[in-house]
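Here the structure comes first, spelled out in structure tokens, and everything after it is commentary.
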Amino acid sequence: MLNRESNTYKRVAKSIDDFMRLDYTGVGLIENLYNALQSRQPGAVCMGAAELLLKATTQRPGPILIATGFPEGGGVPETDGPVGAALLARAFFMAFRRESVIVVDTDWEEMMIATCRGAGLAPMPFPADGIIKPLEYLRPVYIKAVPKDKAGSRAICDQLVKSTKPSAAIAIERPGRNAKGLYHGLGGRPLDGMVADLDYLFEQVRAADISFLGIGDGGNELGMGVIAEDLVKFSPKAADAGVPGRGGVAAVTAADFLVVANVSNWGATGVIAALSALLENPLVFHDPELETRCIECCVNFGGVDGMFMAPEPAVDGISAREWEGLIRSLKLTVQRTLGDSVNWQGHRGDWRQLK
């Protein structure tokens, strides 16, 4: 375990957050989002999330719930969210030997199953009794599909929390309802009828005193209520979506702990990087090529890029090939910050001890 009082801990935590703050997409929101979050939740963001997850899984034995899925035109899901959810599930298994239950809308179940396979996981049928039991010689993940109608989704959400008894719950790139109970895209596009009301799921999570981690990149995602009051100062549609009577796009449900990044999948990568560093276990952090495969599997089974609005292997306008480079840079930076080095003699180890 990385010494929390060490300078190495502080440096690696800062380095990871610095990667999260870069505006790769050119949208121009991330610096304001990060600063707003610091005013409400000061300190290292990704390492703070890793600490929360470690504490939650130490205190509770259950699986981790992960809700994701954001609709683009025609209701098809974007690649941002599902890919991050699948790779988080992989990381939790590698870090804690803890299974994940990924919650998506019914019509996106096939896409989510394929995306998890791309992340190196084995999707298993969700048990009828909702009780997740360990499986030997396998890296399982469970997908729970939820219908879009309110009565149907709420019944499943109620049962899901009671039966799985999760240790923690995460919402990543999942629409969050505004003050009027409505869902929107960041540009103000109404999402009526396109998504199940999973804010209700996280209300049940919080009522059960289960840790709730939110990951978002715009302000309209579930969990972003932490900075809802700040969004109106810099996000164009936060207060007014541009459609009379609908209010703004700012999500009001607040997570216990929030992670913001330039892209939500990138935020998931930051949490994975921090968890890998905290546990001093490099296997928790996936190889760049695995993320490329994960993106391609998502697209092959219905996902679309959120910028191109087409089934191209990309996330928020960043191609899978570019993602490989970003992942590789972050992973190697973390390793070097932790002390990994090769000296002039070809010996590998902590640079502080090599001569």
**Prompt:** For all pairs of alpha-carbon atoms in the chain, what percent lies in each bin of width 20 Å, listed from the first bin to the last filled one?
**Reply:** 33, 59, 8, 0
**Prompt:** Which lysines, on any chain, are close to LYS144 with Cα under 26 Å apart, when same-chain ones fewer than 8 places away are left out?
**Reply:** LYS55, LYS133, LYS162, LYS165
**Request:** Given the options LYS165, LYS331, LYS233, state which has the largest fluctuation in a GNM of the chain using a 10 Å cut-off (strictly under) for Cα springs.
**Result:** LYS233
**Request:** Quick one: check the C-alpha center-to-center distance for segment 152-173 versus segment 208-251, whole angstrom.
**Result:** 21
**Fill in**
Of all GluC sites (Glu not before Pro) in segment 246-319, the ones in DSSP coil with at most 12 other Cβ atoms within 10 Å are GLU280
**Fill in**
Among MET47, MET111, MET309, the residue with the largest mean-square fluctuation in a Gaussian network model of the chain built from Cα contacts under 10 Å is MET309
**Complete:** Within the set ASP17, ASP209, ASP256, GNM on the chain using Cα springs under 10 Å gives the largest fluctuation to ASP209
**Prompt:** Okay, helix-only estimate at 222 nm for the chain: each DSSP H run of n ≥ 4 adds -39500 (n - 2.57), divide by all residues, round to 500 deg cm²/dmol; what do you get?
**Reply:** -12500 deg cm²/dmol
**Prompt:** What are the trypsin sites (Lys or Arg not before Pro) within segment 72-116 that DSSP puts in a loop, where the Cβ has at most 12 other Cβ atoms within 10 Å?
**Reply:** ARG97
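Bear in mind that the values in this text are calculations on the coordinates, not laboratory data. In this text the structure is predicted, and so the values were computed from the model without any measurement. Positions of Cβ are generated from backbone atoms using ideal geometry, with glycine treated the same way; all protein chains shown enter the neighbour counts.
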